[in-house]
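Let me begin by presenting the structure, written as structure tokens, before commenting on it.
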Amino acid sequence: MRAQPESTLLPQNLDKLAIMFSTTCLVHCLALPLLVTLFPIAQGSLLEEQSFHLLMLWVIVPTSLIALTLGCTKHKDRSTIALGAVGLISLTLTALYGHDYLTASGEKWITITAGLLLSLAHIRNFLICRKAACCHTATVADENQ
């Protein structure tokens, strides 16, 4: 295995971490109604939607901002910037104000869509950076050597 420069590990790991956070939100949004239906005792627990969304914002926003900024300052892909911005802004506004202005279903679908957009931005950032060797220089072949 070829060692990567330390400067490439942070953005690579941040994109992967941000994708994991977005997936966690997606699973939470889709699984919580089923969980509450099957196990009513789960209602009102730590899985409560508003608290979970605010907690996730504390980790998603900084992780995404750093990862996308590090990649996009080098490759300047406007689609990645636009997807990331729309995803982050939508997630933030929905988490902070969605419960006041949207139905539960509307809040859920906007959150899911925003999370998917943000994940797409991170995947795109990761792939473009790897191709351009700007911050994600490791390839699967490199990792297997």
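Miscellaneous remarks
- Estimated vicinal HN-Hα couplings, Hz - the range 115-122 in sequence order (Karplus 6.51, -1.76, 1.60; Gly, Pro = x): x, 5, 4, 5, 4, 4, 4, 5
- Taking a straight Cα-Cα cut-off under 17 Å and skipping sequence neighbours fewer than 8 places away in the same chain, the lysines within cross-link reach of residue 131 are 16, 74, 76.
- Other residues within the sphere of radius under 15 Å centred on the Cβ of residue 87, judged by their own Cβ, net out at 0 (K and R +1, D and E -1).
- Label point distance in nm, residue 23-residue 73, each placed 7 Å from Cα along Cα→Cβ: 2.8 nm
- Between residue 82 and residue 97, full extension at 0.36 nm per residue minus the direct alpha carbon distance yields a gain of 3.2 nm.
Just so you know, all these numbers are worked out from the coordinates, no wet-lab data involved. Just so we're clear, the structure is a prediction, and the values are computed from it rather than from any experiment. No Cβ is skipped: glycine too gets one built from the backbone with ideal geometry, and neighbour counts run over all protein chains shown.
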